[in-house]
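Written below as structure tokens is the structure these notes are about.
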Amino acid sequence: MSGIHDGMPSLPRSSMLGVLDHILDRVERVLASIASIVLLAMGVLISLSVAAREQIGVTLPDDILMVGLAMVAVVALPLAHVQRDKGQIAVTVITDRMPQKVGAIGSILGNFLGLLLFGALAILVMDSIPKAFVEHHYYDGQLSIPVWPTKLIFGIGMGLFAIRLGLCMLGDLVVMKNRRKADD
């Protein structure tokens with residue numbers, strides 16, 4: 001991540017959107033750091049698992065399951081930060097050839113649709129957590145790892161991503177409005 005925030009139009013820090021952007025940016029950085037630590041822990045777990053299996057013939061219980069569950073945090077937690085920095089892969093062959101206004105409208109529409117999709121996903125996942133907790137849902141395996149923490153991490157990641165998409169959409173609308181005023 002570049003840290004230059006290409007994906008987010010600069011918003012005045014005195015505005016409500018600017019304050020929300022600043023707070024969200026801090027939270028996103030913390031979650032991206034947590035995801036980095038989890039990724040490092042995954043590497044250590046995999047290394048220990050392989051070493052234990054090869055050197056002393058012992059397998060770590062549920063090592064593959066734990067790596068898979070950790071992957072949820074590695075992927076979901078930094079999504080909003082990646083969106084802010086426009087760090088995702090994008091194919092812009094067609095939109096680069098269109099007028100700037102059409103590209104801006106496409107960006108706003110894409111952010112809106114993403115907000116709806118990932119917002120709904122976050123709500124559905126977060127809604128399923130109490131049931132998983134109360135009914136003691138566990139993953140199959142020797143350690144009986146509960147399901148709800150993974151759902152919580154995924155829901156937080158998707159929820160923040162949806163909020164970031166909404167903020168990017170609003171920022172793009174503000175830029176489009178200001179550009180229209182400047183053109184007049």
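Values quoted throughout were computed directly from the atomic coordinates according to the rules given, and no laboratory measurement underlies them. Because the structure is predicted, anything quoted here is derived from the model rather than measured. Positions of Cβ are generated from backbone atoms using ideal geometry, with glycine treated the same way; all protein chains shown enter the neighbour counts.
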By how many degrees, 0 to 90 and rounded to 10, does the Cα axis of helix 63-76 deviate from the longest principal axis of the chain? 10 degrees
Quick one: 3J(HN,Hα) in Hz for the range 94-110, Karplus 6.51/-1.76/1.60 with θ = phi - 60°, rounded, Gly and Pro as x. 7, 5, 5, 8, 8, x, 4, 5, 5, x, 5, 5, x, 5, 4, 5, x
Rel. contact order, % - alpha carbon contacts under 8 angstrom, at least six apart, the chain: 31 percent
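What is the packing order of peptides 157-164, 27-34, taking the mean over residues of other C-beta atoms within 10 Å and listing the highest first?
Details: 157-164: 23.4, 27-34: 16.8.
Those peptides, ordered most packed to least, come out 157-164, 27-34.
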Built amide H within the under 5 Å cut-off of residue 145, gap 5+: 139
At a Cα cut-off below 27 Å, give the lysines reachable from residue 181, other chains included and same-chain residues fewer than 8 away excluded. 86, 101
Any chance you could check the Cα centroid distance between the range 136-184 and the range 88-112 for me, in angstrom? 20 Å
With +1 on the Cβ of every Lys and Arg and -1 on the Cβ of every Asp and Glu, the dipole magnitude of the chain about its Cα centre, in debye rounded to the nearest 20, is 680 debye
Does anyone have the angle between helix 148-183 and the longest principal axis of the chain? Alpha-carbon axes, 0 to 90°, nearest 10? 10 degrees
Could you give the angle, 0 to 90 degrees to the nearest 10, between helix 16-51's Cα long axis and the longest principal axis of the Cα atoms of the chain? 30 degrees
